[in-house]
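Enquirer: Following this message is one structure expressed as structure tokens.
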Amino acid sequence: MGSDEIGKEAQGGQNIRAEESTSDAARPRRRRRRAERRAEIAEATLRLMARHGLQGATVTRIAEELGVAPQSLYAHFKNRDEMLFAAIDPLIDMTDRWIESSNEADIPERLRALGRTHMPFLSGQLEGFVIPSYEFLTAPRDTGLPEAFGRRQAEQLEKLARIIDEGKKQGSIREDLDSLRAAWRVIVVMWAEDVAEMMGLREFIGEGISEEILDVLLRDMARNDTGAEH
């Protein structure tokens, strides 16, 4: 092999490695764009569920909401069912942000702060959170959507239970308390706010009724001033 041929072969190898390097660098961007597009489709699905109900969130409407052709959605999801299941994720993300929104060191005060912020974070977002959530809950059982949504809600309950466990360790919450049961009590108050918002019964939140209920629960959870348990 002549020196020219050796030089060409070496150059060719460098070009291939450069192309592979460029391709490798592009992969994370493509994955990021794909994830962003899937998230956009999921959020569009939620908006349509709020406006038209579960059955009204059709592939055609989702595509129109995004300004794309219906067939382009199938580059990201196999079918409409996958789009509906993916639409659970933004709701859970919102719940996560709500749970993480308070960093009060005292755990009863952190839970009380979560009660105060639940309205602006979640209940106050009728179309963005409350209505789509209840569309999932009331979906036909054979779709699997109520159970899938319930499993994700159970994960949020576990997060609240871990916060309550933290309160036991710091001595601000009774050690004999079942943390998961206590988390259920807290979340039931939040769900009641969601239902009241849907029915237009804003006095439940506006007049402090839900806050009073939560306060009763938190007083029962807390250790008394002397540190003795209830």
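Enquirer: Would you mention how many residues in region 88-127 are modelled with pLDDT under 95, small (Gly, Ala, Ser), in a helix (DSSP H, G or I) and surrounded by fewer than 17 Cβ atoms within 10 Å (Cβ to Cβ)?
Expert: The total comes to 0.
Enquirer: Filter region 169-190 down to the residues that are in contact with a strand residue (DSSP E or B) (Cβ under 9 Å, 6 or more places away or on another chain) and not in a helix (DSSP H, G or I) and list them by number. Before you say what the answer is, go through the steps one by one.
Expert: Initial filter on region 169-190 (in contact with a strand residue (DSSP E or B) (Cβ under 9 Å, 6 or more places away or on another chain)): 172-174, 179, 182.
Within region 169-190, SER172, ILE173, ARG174 meet the criteria.
Enquirer: Could you check region 39-90 and list, in sequence order, the residues that are free of Cβ contacts under 8 Å to residues at least 60 places away in the same chain and either in contact with a Gly (Cβ under 8 Å, 6 or more places away or on another chain) or under 20 Å from GLN153 (Cα atoms) (or both)?
Expert: Of the residues in region 39-90, the ones free of Cβ contacts under 8 Å to residues at least 60 places away in the same chain are 39-45, 48, 52, 55-80, 82-83, 86-87, 89-90.
ALA39, ALA42, GLU43, THR45, LEU48, GLU82, MET83, ALA86, ALA87, ASP89, PRO90 - these are the residues of region 39-90 that are free of Cβ contacts under 8 Å to residues at least 60 places away in the same chain and either in contact with a Gly (Cβ under 8 Å, 6 or more places away or on another chain) or under 20 Å from GLN153 (Cα atoms) (or both).
Enquirer: Can you tell me how many residues within region 72-88 are over 16 Å from ALA139 (Cβ atoms) and out of contact with any Leu (no Cβ under 9 Å at 6 or more places or on another chain)? Before you say what the answer is, go through the steps one by one.
Expert: Going through region 72-88, the residues over 16 Å from ALA139 (Cβ atoms) turn out to be 72-78.
Imposing the further condition that a residue be out of contact with any Leu (no Cβ under 9 Å at 6 or more places or on another chain) reduces the set to 74-78.
Count: 5.
Enquirer: Of all residues in region 196-226 being assigned to a helix (DSSP H, G or I) and among the small types (Gly, Ala, Ser), which is most open to solvent (accessible area, probe 1.4 Å)? Spell out the reasoning first.
Expert: Within region 196-226, the first condition is being assigned to a helix (DSSP H, G or I), and the residues that meet it are 196-199, 203-206, 209-221.
If we keep only those that are among the small types (Gly, Ala, Ser) as well, we get 196, 206, 210.
Values: ALA196: 7, GLY206: 71, SER210: 5 Å².
Filtering first and then ranking leaves GLY206.
Enquirer: Quick one: how many residues across region 32-77 are farther than 21 Å from GLN125 by Cβ and among the charged types (D, E, K, R)? Give the steps one after another, and end with the answer.
Expert: To start, the set of residues in region 32-77 that are farther than 21 Å from GLN125 by Cβ comprises 32-38, 55, 58-60, 63-64, 67-77.
Remaining after also requiring among the charged types (D, E, K, R): 32-34, 36-38, 64.
The qualifying residues number 7.
Enquirer: Any idea which residue in region 62-78 is most open to solvent (accessible area, probe 1.4 Å), counting only those that are in a helix (DSSP H, G or I) and within 21 Å of ALA50 (Cβ to Cβ)? Steps first, answer last, please.
Expert: Kept after step one, since they are in a helix (DSSP H, G or I), are these residues of region 62-78: 62-66, 70-75.
So of that shortlist, the ones also within 21 Å of ALA50 (Cβ to Cβ) come out as 62-66, 70, 73.
Working: ILE62: 1, ALA63: 1, GLU64: 129, GLU65: 59, LEU66: 41, PRO70: 47, LEU73: 3 Å².
Going through the qualifying residues, I end up with GLU64.
Enquirer: State which residue is nearest to VAL186 (Cα to Cα) when the search covers only region 142-157 and only residues that are of a type outside the set (A, V, I, L, M) and surrounded by 13 or more Cβ atoms within 10 Å (Cβ to Cβ).
Expert: Quick first cut of region 142-157, residues of a type outside the set (A, V, I, L, M) only: 142-144, 146-147, 149-153, 155-156.
Subsequent filtering for residues that are surrounded by 13 or more Cβ atoms within 10 Å (Cβ to Cβ) retains 143-144, 146, 149, 152-153, 156.
Values: THR143: 29, GLY144: 26, PRO146: 21, PHE149: 19, ARG152: 17, GLN153: 13, GLN156: 12 Å.
The extreme case among them is GLN156.
Enquirer: Can you confirm whether LEU160 is closer than 24 Å to GLU109 by Cα, open to solvent by less than 40 Å² (accessible area, probe 1.4 Å) and in contact with a Gly (Cβ under 9 Å, 6 or more places away or on another chain)?
Expert: Here the answer is no, as LEU160 does not meet what is asked.
Enquirer: Out of GLU193, GLU166, report the one residue that is in a helix (DSSP H, G or I) and either more than 21 Å from ILE88 (Cβ to Cβ) or small (Gly, Ala, Ser) (or both). I'd like the intermediate steps shown before the answer.
Expert: Working: GLU193 fails: either more than 21 Å from ILE88 (Cβ to Cβ) or small (Gly, Ala, Ser) (or both).
Answer to the selection: GLU166.
Enquirer: Return the residues of region 164-183 that are over 18 Å from the mean Cα position of the chain (by Cα) and either under 13 Å from LEU218 (Cα atoms) or free of Cβ contacts under 8 Å to residues at least 12 places away in the same chain (or both); say none if nothing qualifies. Outline the logic, then answer.
Expert: At the first step, the residues of region 164-183 found to be over 18 Å from the mean Cα position of the chain (by Cα) are 164-182.
ILE164, GLY167, LYS168, LYS169, SER172, ILE173, ARG174, LEU177, ASP178, SER179, ARG181, ALA182 - these are the residues of region 164-183 that are over 18 Å from the mean Cα position of the chain (by Cα) and either under 13 Å from LEU218 (Cα atoms) or free of Cβ contacts under 8 Å to residues at least 12 places away in the same chain (or both).
The values are calculated or read from the model by the stated rules, or taken from the named source; none is laboratory data. Since this is a predicted model, take the numbers as computed values, not measurements. Please note: Cβ atoms are built from the backbone with ideal geometry, for glycine as well, and neighbour counts cover all protein chains shown. Quick note on the areas: whole protein, heavy atoms, side chains included, nothing else; ligands and nucleic acids left out. Shrake-Rupley method; radii C 1.70, N 1.55, O 1.52, S 1.80 Å.
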